[in-house]
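What follows is a single structure, written as structure tokens, with notes after it.
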Amino acid sequence: MKCQELAEFLMDYVSGDLPIESRTHFEFHLSKCKNCHQYLVQYEVTIKAGKIACDEMSDEMRDIPDDLVKAVLAARTKV
Amino acid sequence: MASATPVDDEAALIAQLRAGDEAAYEQVVRAYGGRLLAVARRIVGTEEDARDVVQDAFLNAFKSFARFEGTAKLSTWLHRIVVNAALMKLRTRKRKPEQSIESMLPSFLDDGHHEERFQSWDEPVDKVMERKEARELVRQQIDALPEGYRTVLVLRDIEGLDTEETAKVLGLSVNATKIRLHRARQALRTLLAPHFRSAAS
């Protein structure tokens, strides 16, 4: 397996959808290739960072601009 | 910006809404609007459209409070309405020419090796993401993804829809959805790399 193929199957590997035989090849390559290992780690970090950054329950997502509140309430009385 | 008022007693609030209490409507918008705006912003990508989406979603919700069943949480119910409104917005707005993602994907040498040597991201992601600037940066980079890829990434990785649902709401094949998700994640990794490297050094 080459680095390019590994990059192609990364998503299936991460989600556990890679068939067992491909998985073995994949992990063998990973154990030998630091660069691909690094890439895999960063791919997973990217997914996690996205989830954390967009967590709608975090405090920084709590506020709504006043003019939008007013616009919503005004639109309601018009309907 | 107004600070959101937390809702202590959802059942009481719902009863007030059904009774047509003006103050209750305002309380709902203030308590949930910010989070819904954040969800809409991620899906539609622009502030202006996100505001339209939130407004449409609230109007829809206000009209159908009668159908709201107390078994679901109000926040969950509103969340679903805003996601639907955002997807509707995507479908009805003029499609922009598809931006290419190629330049954000890894490149390979003829022998199949990566062209780039990846430098390590040493700091644990949980630690990096404790910083407000890091969270803002990641959100900006998600917004910088080409639209057709950003929407797949947001629906799959952030909203938690499965591949089939995502494919259906975006009118894509399951296979195209998988390819887009993988490319979107790779592109986001490329966009984060310069920042995550420097954060570690």
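Under the rule of at least 5 residues apart or a separate chain, name every residue whose amide H is placed under 5 Å from the amide H of B:Gln99.
B:Glu147, B:Gly148
Read phi for every residue in the stretch A:49-55 and hand back ³J(HN,Hα) as whole Hz from Karplus 6.51 cos²θ - 1.76 cosθ + 1.60, θ = phi - 60°, with x for Gly and Pro.
Result, rounded to whole Hz: 4, x, 4, 5, 5, 9, 5.
Over both sides of the A-B contact, add up the buried accessible area with a 1.4 Å probe and give it to the nearest 100 Å².
5000
For the stretch A:28-37, what does the Karplus curve 6.51 cos²θ - 1.76 cosθ + 1.60, with θ = phi - 60°, yield as ³J(HN,Hα) per residue in whole Hz, taken in order and with x for Gly and Pro?
Per-residue couplings from phi come out as 5, 4, 4, 5, 9, 10, 4, 5, 5, 4 Hz.
Where the accessible area of the protein assembly as shown is counted over protein heavy atoms with a 1.4 Å probe, how much of it, in %, is carbon and sulfur?
Working: 7210 of 14640 Å².
About 49 percent, which is the carbon plus sulfur part of the accessible surface.
So in chain A, which Cys have no other cysteine's beta-carbon sitting under 4.7 angstrom from theirs?
A:Cys3, A:Cys54
Using amide H atoms built in the peptide plane, which far-off residues or other-chain residues are under 5 Å from B:Phe108 H to H?
B:Glu115
Convert each backbone phi in the stretch B:100-109 into a coupling constant with the Karplus relation 6.51 cos²θ - 1.76 cosθ + 1.60 (shift: θ = phi - 60°), then list the ³J(HN,Hα) values in order as whole Hz, x for Gly and Pro.
Going residue by residue, I get 7, 10, 3, 5, 9, 9, x, 10, 10, 7 Hz, with x marking Gly and Pro.
Based on the Cβ-Cβ distance from B:Asp8 to B:Ser120, what FRET efficiency comes out when R0 is 51 Å, to the nearest 0.05? Numbers along the way, then the final one.
Numbers: r = 46 Å, r/R0 = 0.91.
So, using R0 = 51 Å, E works out to roughly 0.65.
In whole Å, what is the distance between the alpha-carbon centres of the stretch A:39-74 and the stretch B:81-126?
18
For the protein assembly as shown, what is the mean residue ellipticity at 222 nm derived from helices alone (per DSSP H run of n ≥ 4: -39500 (n - 2.57); sum divided by total residues; nearest 500 deg cm²/dmol)? Don't jump to the answer; show the numbers that get you there.
On the way: 13 runs with 184 residues, N = 280.
Helix-only estimate at 222 nm: -21000 deg cm²/dmol.
In the structure shown, do any of A:Lys2/A:Lys51; A:Lys2/A:Lys32; B:Lys89/B:Lys168; A:Lys48/B:Lys127; B:Lys89/B:Lys132; A:Lys78/B:Lys94 have a Cα-Cα gap over 20 Å, and if so which?
Working: A:Lys2/A:Lys51 30 Å; A:Lys2/A:Lys32 11 Å; B:Lys89/B:Lys168 16 Å; A:Lys48/B:Lys127 12 Å; B:Lys89/B:Lys132 29 Å; A:Lys78/B:Lys94 27 Å.
In this structure, A:Lys2/A:Lys51; B:Lys89/B:Lys132; A:Lys78/B:Lys94 lie more than 20 Å apart at Cα.
Take chain B, connect every pair of alpha-carbon atoms lying under 10 Å apart with a spring to form a Gaussian network, then pick out the residue of B:Gly45, B:Gly33, B:Gly20 with the largest mean-square fluctuation.
Evaluated over chain B, the most mobile residue of the options is B:Gly20.
In the protein assembly as shown, what is the volume of the convex hull around the alpha carbon atoms, normalised per residue and reported in Å³? Write down the numbers at each step before the final one.
Details: hull volume 41.3 nm³, N = 280.
Given the Cα convex hull of the protein assembly as shown, per-residue volume reads 148 Å³.
The values are calculated or read from the model by the stated rules, or taken from the named source; none is laboratory data. Being a predicted model, the structure only gives us computed values, none of them experimental. Cβ: placed from backbone, ideal geometry, glycine included. Neighbour counts: every protein chain shown. Accessible surface areas use protein heavy atoms only, side chains included; no ligands, DNA or RNA. Shrake-Rupley method; radii C 1.70, N 1.55, O 1.52, S 1.80 Å.
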